Amino acid sequence: MTYDCSFLSDLDLDGEVSFDDSARESHAADWVAQEAGLGVTPDAVVWPASTADVATVLEAANDREVPVTPYAAGTSMEGNAVPLFKGISLDMTKMDDVLDVRPDDFQIDVEPGVMGNVVDETAAEHGMFFPPMPSSANLSTIGGMIVNDASGQKTVKYGEVGDWVLELEVVLADGTVIETGSKAVKTSSGYNLKDVIVGSEGTLGVVTRATLELEGLPEQIKGGRAVFESMDDAAEAVFDVVRSGVDVAKIELIDPLAAEMANRYFDTGLPDGSMIFFEFHANHNVDEEIDFFRTIVDSHDVAEFEIADEERMDELWRARDELAFAVQQYDPDLEPRHPGDVTVPISRYPDIIRYAKDLGEEHDVLLPCFGHAGDGNVHYTVLVDPDDEEMVETAEEIYDSIVEKAISWGGTATGEHGIGMGKQKFLELEHGEGGVQAMRALKAAFDPKDILNPGKMFPETEAEGGRVELPSGVRSAERD
């Protein structure tokens, strides 16, 4: 179905509106959806310049029941920004100002289109940083991070992005502007709507301003890598380190296949083995913490242990940061199928790594594993020949099996990428029928006409024969 969005030309906006084919096609997909050929071209693209613009567009779209899909940098991993039902792609990247920095309060106010690296560069001028920043900071916006509740390499010490969000300005589906949270570091006033918006993937409202908490830059930063005899040793070492309470800021696991891919992509000279990269942040006594760490990992058959200088550390983290690109470029005849990001309780981390690698060997497929090991997160994918239907089907079965196993062990289908289009079928398995019904009721309360990012988050349902009936006021996804 195509929507008549000509009304956008009549709105009093400071921002831009485009109906051009090139603009619309460039907003048809995010990174992974584009690779998979799953794009849907919207009927119009709007670049709002202010909260007032966002409110005006949403009010007009809601009155006409035109779908609106928020769009940021387009780097999401689960089709979160694909305008499945066409309508309007609301591109937030023009709202990219740093509004205020308050060093005495360790706070920064930003618009949603600000790139992550700009936040850290601005904070650094005041001797501070934004601790939960994902490694994709130079590719993703703060707004996108908030609505996906993103996290990164430092989550083991500092937590997720949502843990550092203090206050949000949000525009609801009907154009109502609300403020949630507080600039105080704690509040118990009313419902916690801020945390409802965090991780909502643009289905409940559009974030137009965020107050983020900052941290002082650590005086001491040291890191390196440890290479182990086997993946079991590496994963068990991670569990032991976390269980022992080592104050590590980053601890990333890389399997031998992922290391080989990194070497081929940037010739980093990583050894052929299972390894962890690590980093410590402290204001004093960092060497004592490293000694504690080494005592633990030495008990897990360490073949090599290195404390790197600053230049070497930059090289190591570059290898880790760009692994997704290395995986994509590894073999011109193969492509990664559906990147996974399950997270399990830390005691189960060795088990989920072992389970994934065993599946890869059993089916004789390339299945690299790497990830934010300290918080139980593993990224994985299966490389397939896209023209080999049997191979693609096997890859999907492996992917599903790993997700289902993670959930059965008390984990989650997604540690940081969100549900989007790709993980809808696991929502009920993880949260139960009642939990999903409660989420649907919340969606109905915030967005009764279901115009905000429709077709995301929830499993597709029908009025008859579906597993979960849509609450009153929420339309079925069957629009065309």
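The values are calculated or read from the model by the stated rules, or taken from the named source; none is laboratory data. Computed from a predicted structure; not experimentally measured. Every residue, glycine among them, receives a Cβ derived from its backbone with ideal geometry; neighbour counts consider all protein chains shown.
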query: Only one of (1) farther than 30 Å from PHE277 by Cα; (2) not small (Gly, Ala, Ser); (3) not assigned by TED's automatic domain parsing to the domain that holds ILE352 is not met by HIS417, so which one is it?
result: (1)
- request: Take the stretch 404-413 and flag every residue that is crowded, with 23+ Cβ neighbours inside 10 Å and either assigned to a helix (DSSP H, G or I) or acidic (Asp, Glu) (or both).
  value: ALA406
task: Could you tell me which numbered condition GLU416 fails, if it satisfies all but one of (1) under 22 Å from the mean Cα position of the chain (by Cα); (2) part of a loop (DSSP other than H, G, I, E, B); (3) surrounded by fewer than 17 Cβ atoms within 10 Å (Cβ to Cβ); (4) on the phi < 0 side of the Ramachandran plot?
output: (3)
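Strands (runs of 3 or more DSSP E) wholly in the stretch 253-345 with at least 3 residues that are crowded, with 16+ Cβ neighbours inside 10 Å and without any contact (Cβ under 8 Å) to a residue 60 or more places away in the chain - which ones? Working first, answer last.
Details: elements: 274-282, 302-308, 335-343.
Passing ranges, in order: 274-282.
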message: Any residue at all in the stretch 371-388 that's crowded, with 24+ Cβ neighbours inside 10 Å, within 15 Å of the chain's Cα centre (by Cα) and not assigned by TED's automatic domain parsing to the domain that holds VAL238?
response: no
field: Test: residue in the stretch 9-30 that is of a type in the set (Val, Ile, Thr) and part of a helix (DSSP H, G or I)
entry: no
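Give THR51, THR93, THR56, THR69 a once-over and let me know the one that is closer than 30 Å to LYS425 by Cα and either out of contact with any Pro (no Cβ under 8 Å at 6 or more places or on another chain) or among the hydroxyl-bearing types (Ser, Thr, Tyr) (or both). Lay out the reasoning, then the answer.
Details: THR51 fails: closer than 30 Å to LYS425 by Cα; THR93 fails: closer than 30 Å to LYS425 by Cα; THR56 fails: closer than 30 Å to LYS425 by Cα.
Within the list THR51, THR93, THR56, THR69, the selection yields THR69.
THR93 - would you say it is farther than 26 Å from THR122 by Cα and in contact (Cβ under 8 Å) with a residue 12 or more places away in the chain? Steps first, answer last, please.
Values: farther than 26 Å from THR122 by Cα: no; in contact (Cβ under 8 Å) with a residue 12 or more places away in the chain: yes.
Against the criterion (farther than 26 Å from THR122 by Cα and in contact (Cβ under 8 Å) with a residue 12 or more places away in the chain), THR93 does not qualify.
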message: So if I check each of SER151, SER200, which one is assigned to a loop (DSSP other than H, G, I, E, B), out of contact with any Cys (no Cβ under 6 Å at 6 or more places or on another chain), of a type in the set (Ser, Thr, Tyr) and at pLDDT 95 or above?
response: SER200
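Out of the residues in the stretch 60-101 that are part of a loop (DSSP other than H, G, I, E, B), of a type in the set (Asp, Glu) and under 23 Å from the mean Cα position of the chain (by Cα), which is surrounded by the fewest Cβ atoms within 10 Å (Cβ to Cβ)? Full working, then the answer.
Going residue by residue through the stretch 60-101, those that are part of a loop (DSSP other than H, G, I, E, B) are 65-67, 72-87, 92-97.
Filter once more, so that each one left must be of a type in the set (Asp, Glu): 65, 78, 96-97.
Add one more test, that the residue is under 23 Å from the mean Cα position of the chain (by Cα), and what stays is 78, 96-97.
Numbers: GLU78: 25, ASP96: 16, ASP97: 13.
The extreme case among them is ASP97.
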query: Pick from VAL185, VAL110: which is surrounded by fewer than 18 Cβ atoms within 10 Å (Cβ to Cβ) and either in contact with a strand residue (DSSP E or B) (Cβ under 9 Å, 6 or more places away or on another chain) or of a type in the set (Gly, Ala, Ser) (or both)?
result: VAL185
task: Answer yes or no: is there a residue in the stretch 136-144 that is of a type in the set (A, V, I, L, M, F, W, C), at pLDDT 95 or above, closer than 22 Å to GLU322 by Cβ and in contact with a helix residue (DSSP H, G or I) (Cβ under 7 Å, 6 or more places away or on another chain).
output: yes
message: Looking at the stretch 113-135 only, could you name the residues that are surrounded by 16 or more Cβ atoms within 10 Å (Cβ to Cβ) and not in a helix (DSSP H, G or I)?
response: GLY113, VAL114, MET115, HIS126, MET128, PHE129, PHE130, PRO131, PRO132, MET133, PRO134, SER135
task: May I ask you to list pairs of residues, at least six apart or on different chains, whose Cβ atoms are under 8 Å apart, with the first in the stretch 44-61 being over 19 Å from VAL98 (Cβ atoms) and the second being among the basic types (Lys, Arg)?
output: ALA44/ARG24; VAL45/ARG24
query: PRO350 versus (1) closer than 24 Å to TRP31 by Cα; (2) touching a residue at least 40 places away in the same chain (Cβ under 8 Å): which is the lone unmet condition?
result: (1)
- request: Could you tell me which numbered condition GLY374 fails, if it satisfies all but one of (1) assigned to a helix (DSSP H, G or I); (2) over 21 Å from SER136 (Cα atoms)?
  value: (2)
